[in-house]
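**Student:** Could you have a look at this structure, given as structure tokens, before my questions?
Every number here is computed from the coordinates shown, using simple stated rules; none is lab data. Keep in mind the model is a prediction, meaning the values are calculated, not measured. Positions of Cβ are backbone-derived with ideal geometry, glycine not excepted, and every protein chain shown enters the neighbour counts.
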Amino acid sequence: MKLKLDIDPDIVAMMAAEVAAGERAVSAAIRDAGTGLKTAWRSQITGAGLGARLARTIRSAQFPKATPSLNAAAVVWSNAPVIVGAHDTGPLIRSKNGFWLAIPTPAAGKSLRGARITPGEWERRRGLRLWFVYRRTGPSLLVAEGRLNTKGQAVVSRSTTGRGKVTAPIFLLVPQVKLPKRLDLARDAERALDSVPGLIVTNWVEGRWT
């Protein structure tokens, strides 16, 4: 008995076409899942009242970039990971030197860099000295003597009579602050991961008809 094995070229072509369809389906599914996760994280951030600017720090990218692949992968990240991560975990924040955290009041104003102003920067800019006021109940204070301008910020008083002069709380002093957890990024990441098999099937089936 003689057996002869012939490979039909059509079968080979069909298999190659199926592999190519799978590569396109996986890449499309990963792209959709990555883009969906980026959108979900941005929506969480704006929904938590953290602003569109922070939301726009969420980015996504797919690999490989140019060609479909069965090993496609997506990465979603933030360009402000410390800020986003803090709102995601709700950490307990303590002073680096073990003393006080200085939280500026509205009378302190803003830093020149747009961030939270520090006591040292405030004294240099305002030309006023801060002094410590201990309180048994509630946070202790750093206060300054001056006047409040139209923005409610403490500035040097030029009055020779003392008119309008006030002692204003500039910083609240607390030993630690518990930042509330305002985000749940892992929840959306798990949903995106769970959606991948269904997206692969959908894109694979639809790819056969395109």
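**Student:** Excluding I58 itself, calculate the net charge of residues whose Cβ lies under 13 Å from the Cβ of I58, where each Lys or Arg counts +1 and each Asp or Glu counts -1.
**Tutor:** Net local charge, I58 excluded: +3.
**Student:** Further question: Quick check of the Kirkwood formula: for the stretch 66-210, what is the inverse mean of 1/r over all pairs of different Cα atoms, in Å?
**Tutor:** That comes to 20.0 Å for the stretch 66-210.
**Student:** Excluding V143 itself, calculate the net charge of residues whose Cβ lies under 13 Å from the Cβ of V143, where each Lys or Arg counts +1 and each Asp or Glu counts -1. Don't jump to the answer; show the numbers that get you there.
**Tutor:** Working: positive: R126, R129, R135, K165; negative: E123, E145.
Residues near V143 contribute +2 overall.
**Student:** Still on this model: Which length gain, in nm to one decimal place, applies between S111 and Y134 when the Cα-Cα distance is subtracted from 0.36 nm times their residue separation?
**Tutor:** Residue separation times 0.36 nm, minus the Cα-Cα distance, leaves 5.8 nm.
**Student:** So what's the net charge close to L193: Lys and Arg +1, Asp and Glu -1, counting the other residues with Cβ under 13 Å from its Cβ? It would help to have the intermediate numbers written out before the result.
**Tutor:** Numbers: positive: R187, R191; negative: D32, D188, E190, D194.
The answer is -2.
**Student:** Using a Cα-Cα cut-off of under 15 Å, which aspartates and glutamates could be cross-linked to K65, ignoring same-chain neighbours fewer than 8 residues away?
**Tutor:** Filter leaves E23, D32.
**Student:** Show me, for the stretch 172-189, the HN-Hα J-couplings you get by feeding each phi into the Karplus relation (A = 6.51, B = -1.76, C = 1.60, θ = phi - 60°), rounded to Hz, glycine and proline as x.
**Tutor:** 8, 10, 10, x, 6, 9, 9, 6, x, 6, 10, 10, 9, 5, 4, 4, 5, 5
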